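Asker: For reference, the structure I am asking about is given below.
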Amino acid sequence: MFIIANWKMNPESADKALDLFANEVKWLDWLPQNKKHKIIICPPFIWLYPVWQQCQAYLSGNVFLGAQNLSEQEIGPYTGEVSATMLKDVGCKYVIIGHSERRKLGEDDFAINRKIKIALKADLIPILCIGETKYQRKNNQTKNVIKRQLKIDLRNTQFNKTKEIVIAYEPIWAIGKIGQETIGSDEVFKIKEFIKNIVSVILVQKNIKVSVLYGGSVDSKNVNNFIGTKLMDGVLVGTSSLDHKEFIAINKAASS
Ligand code: PGA
């Protein structure tokens, strides 16, 4: 089970990032017995190094660091970019790729495909985000959109040591709307099966662990609508991951 915290462009100082990280994971002393519960915290690039330096004691077994993006290039003259190797060097094991907020900035599925490949080459585990807009949903295009995204994003991917990928289904219309609309449990189940089937056809290598998560306004009250035996393998949490008490409540609800 994955509980992923996507802090987005928060918090505004290194001190606050260190506090938030420590507060979110230091209560987890019960977790060593529960290796299946994985918490991945994804701070902005700039806070990865201080968090990795000062919170290493927490980064074991259940708690991992992830980044929110990476460059599609390996090294060289790419001003403002951060490479997969750099992320590995500051303790990242995971990287979010293709978040809808990055797609909105112009990142297309072909760029996302290059990023997935570069992440896999460096043995970073990609957390690939996919999902439809409200308009696409209204026009019954959800499955087509997801299928098209997965087909391009995962084309010709080559897994090395890390034979694992995480897919986060994040309907764009449900992001950033805590307490409002999300999808229901019956749909969660259908979407998960749909994604798993498509991914198993696309991936050439057959021994890859594929986990499917839900993201979009997850909180401690609704988390159990999304996870469970027949439901998703975890959740990707944005807004609620900025409040450590709420984040802890989500983890507790998810593991009960
Ligand atoms: P949200 O964000 O939980 O604030 O909806 C989720 C995400 O965008 O990853």
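The values are calculated or read from the model by the stated rules, or taken from the named source; none is laboratory data. Quantities reported herein were computed from a predicted structural model and do not represent experimental measurements. Methodologically, a virtual Cβ is constructed for each residue, glycine included, from the backbone with ideal geometry; neighbour enumeration extends over all protein chains shown. Side chains included, ligands, DNA and RNA excluded: accessible areas come from the protein's heavy atoms. Shrake-Rupley method; radii C 1.70, N 1.55, O 1.52, S 1.80 Å.
Asker: Residue by residue through region 112-135, note down the ones that are outside any helix (DSSP H, G or I), touching an Asp or Glu at 6+ places or on another chain (Cβ under 6 Å) and over 21 Å from Lys38 (Cα atoms).
Answerer: If the condition is that a residue be outside any helix (DSSP H, G or I), touching an Asp or Glu at 6+ places or on another chain (Cβ under 6 Å) and over 21 Å from Lys38 (Cα atoms), then Gly131 is the only one that fits.
Asker: Go through the residues of region 182-194 one by one and say whether even a single one is among the aromatic types (Phe, Trp, Tyr) and under 23 Å from Phe247 (Cβ atoms).
Answerer: No, region 182-194 contains no residue that is among the aromatic types (Phe, Trp, Tyr) and under 23 Å from Phe247 (Cβ atoms).
Asker: Further question on the same structure: Being within 14 Å of the ligand (Cβ to nearest atom), assigned to a loop (DSSP other than H, G, I, E, B) and either hydrophobic (A, V, I, L, M, F, W, C) or open to solvent by less than 10 Å² (accessible area, probe 1.4 Å) (or both) is the filter here, so list the residues in region 218-256 that pass it.
Answerer: Val218, Phe226, listed by residue number.
Asker: Here is a follow-up. Which residue pairs have Cβ atoms under 6 Å apart, sit 6 or more places apart or on different chains, and have a first residue in region 174-186 that is farther than 14 Å from Gly131 by Cα and a second that is within 11 Å of the ligand (Cβ to nearest atom) and of a type in the set (S, T, N, Q)?
Answerer: Matching pairs, first to second residue: Lys177/Ser217; Ile178/Ser217; Ile178/Thr239.
Asker: What are the residues in region 189-213 that are within 17 Å of Leu128 (Cα to Cα), in a helix (DSSP H, G or I) and of a type outside the set (Lys, Arg), if any?
Answerer: Ile191, Glu193, Phe194, Ile195, Asn197, Ile198, Val199, Ser200, Val201, Ile202
Asker: Of all residues in region 97-123, which are within 16 Å of the ligand (Cβ to nearest atom) and closer than 19 Å to Trp173 by Cα?
Answerer: Across region 97-123, the qualifying residues are Ile97, Gly98, His99, Ser100, Glu101, Arg102, Arg103, Lys104, Leu105, Glu107.
Asker: A further question on this structure: Considering each of Ala111, Ala67, Ala84, Ala17 in turn, give the residue that is farther than 20 Å from Gly238 by Cβ and touching a helix residue (DSSP H, G or I) at 6+ places or on another chain (Cβ under 8 Å). Before you say what the answer is, go through the steps one by one.
Answerer: Working: Ala111 fails: touching a helix residue (DSSP H, G or I) at 6+ places or on another chain (Cβ under 8 Å); Ala67 fails: farther than 20 Å from Gly238 by Cβ; Ala17 fails: farther than 20 Å from Gly238 by Cβ.
From the options Ala111, Ala67, Ala84, Ala17, the qualifying one is Ala84.
Asker: Going by what's in this entry, would Glu187 be described as away from the ligand (no atom under 16 Å from the Cβ), open to solvent by 70 Å² or more (accessible area, probe 1.4 Å) and farther than 22 Å from Asn6 by Cα?
Answerer: So Glu187 does not fit the description; no.
Asker: Right, another one. Being open to solvent by 10 Å² or more (accessible area, probe 1.4 Å) and either in contact with a Cys (Cβ under 8 Å, 6 or more places away or on another chain) or of a type in the set (A, V, I, L, M) (or both) narrows it down to one of Ile152, Ile165, so name that one.
Answerer: Every option except Ile152 fails the conditions.
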